[in-house]
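Report on the structure given below.
Read the figures in this text as sums done on the coordinates, not as results from a lab. If you're wondering where the values come from, they're calculated on a predicted model, not measured in any experiment. Every residue, glycine as well, gets a Cβ built from its backbone with ideal geometry; the counts of neighbours run over all protein chains shown.
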Amino acid sequence: MAESNFVDYVKIYCRSGKGGAGSAHFRREKYIPRGGPDGGDGGRGGHVYLRGNLNYWTLLHLKFERHVVATSGRSGGAKRSTGRDGEDRIIEVPCGTVAFDADTGEYLCDVTEDGQQVMLLKGGRGGAGNTHFKTATNQAPRYAQPGEPAQERKVVLQLKLLADVGLVGFPNAGKSTLLSVVSAAKPKIADYPFTTLEPNLGIVSWRDNRSFVMADIPGIIEGASDGRGLGLRFLRHIERNALLLFMVPADADDIRKEYEILLGELERYNPELMGKSRILAITKSDLLDEELTEALSADLPDDLPCRFISSVTGQGITELKDLLWQELNRETFHDADAIVHRDMDMSLMADDDEAWDIPPEEEDADADADLEFDWDDEE
Ligand SMILES: Nc1nc2c(ncn2[C@@H]2O[C@H](COP(=O)(O)OP(=O)(O)OP(=O)(O)O)[C@@H](O)[C@H]2O)c(=O)[nH]1
Ligand SMILES: [Mg+2]
């Protein structure tokens, strides 16, 4: 696909800061012989966080940010002075972002709310200075603790849109057209397959100023789970949707069969999608007369509610919205946040084999110059 502004996948190298070393300094002042240990503790290394931010819709702003590196804690100093903590780094992400380990595919965390902050990598603890090691039998410990090392990780961030209703259908089924009539969204609509190349979101207002969010994703075709068409790349955007609205056009050869193919592709992608509520809309019903409608009604799938609609004439649209709302508010409805993110299969991801140019660790300028102590010379 050409360069697009809808970025829902980025890979970033992240590193927390290492802890500063404790100091093994000894007090040295005129007229105070054998001043004793006075080395302070090292500072904590910076953490790396993810933070949800409603102002972002995609991961575009991170596309060229390849490294996120927190700074290290500073070493402790003389006179029990504690080293400065490293600076934290916060990666701002749109709500709905999920993080995975880029090497193992392991699921790490999920950010769904504005302002929600999740620690991705912990900064190293600072080491204890030699003052902590003074004991009755060892009044002059010449050692201090080093700081904890930094943590590093390549992280994949994936956006899984937060929408209530996801539209599922073959190309040309009329998904974008429906979104355009029930919301203010202006998706591209045309009479050829794969008009929609990236997901569109729209807010559907319903009675009494209430509303829900609908996601129009690119069409799915048979074999999508093997990578045909646009593949299943966009299916992750319906993983969170509480409700799936299947759409099959009235002029399809076999409505029930199309529905079953779609269902099969979804199941192959993630069997958990089968646990979601489903509704079937037979679109473009303006092409049917009463007789045909009746004939088709006799052979519809019976495991879900079905409705005939037309985005052109408005037939069945209000009833469909009512039904969607009703389903979304069902008492037993599962929480969209409760989805289980499966670990990613990294072997399926195109390996970009990039050179990472991992930035070198910074050196601590004020690191223990005082480590060589000359306590004995003081006498
Ligand atoms: N007669 C009729 N035509 C419709 C209706 N809804 C959509 N269409 C037409 O069907 C064609 C495809 O509509 P789209 O909304 O672009 O279909 P889509 O499902 O978004 O397709 P992709 O984005 O390619 O997956 C367009 O030419 C629409 O004008 C309808 O209710 N009645
Ligand atoms: Mg479309």
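Worth pointing out:
- For Lys79, the lysines whose Cα falls under 22 Å of its own Cα, not counting residues fewer than eight places away in the same chain, are Lys30, Lys134.
- Cα gyration tensor shape of the chain, rounded if a/c is under 1.5, else prolate or oblate by comparing a/b with b/c: prolate
- Counting only lysines at least 8 places from Lys284 when in the same chain, those with an alpha carbon closer than 17 Å to its own are Lys175, Lys321.
- Proximal lysines relative to Lys11, as straight alpha-carbon distance under 20 Å, when same-chain residues fewer than 8 apart are discounted: Lys63, Lys122, Lys154, Lys160
- Between segment 63-133 and segment 199-245, the alpha-carbon center distance in angstrom: 34 Å
- Summary of packing: across the peptides 158-170, 202-214, 185-197, the per-residue average of other C-beta atoms within 10 Å ranks them, highest first, as 158-170, 202-214, 185-197.
- FRET efficiency, Asn209 to Arg256 (Cβ-Cβ, R0 41 Å, nearest 0.05): 0.65
- Rounded if a/c under 1.5, otherwise prolate or oblate - segment 199-325, Cα gyration tensor axes: oblate
- Relative contact order (%) - criterion: Cα under 8 Å, at least six apart; region: segment 165-335: 21 percent
- For Glu291 and Asp345, a Förster radius of 56 Å and the Cβ-Cβ distance give a FRET efficiency of 0.70, rounded to the nearest 0.05.
- On the basis of the beta-carbon distance and an R0 of 35 Å, Gln326 and Gln116 show a calculated FRET efficiency of 0.70.
- Antiparallel bridges, percent of DSSP beta bridges restricted to the chain (to nearest 5): 55 percent
- With the simple model of a label 7 Å out from the Cα in the direction of the Cβ, Glu87 to Tyr192 spans 5.0 nm.
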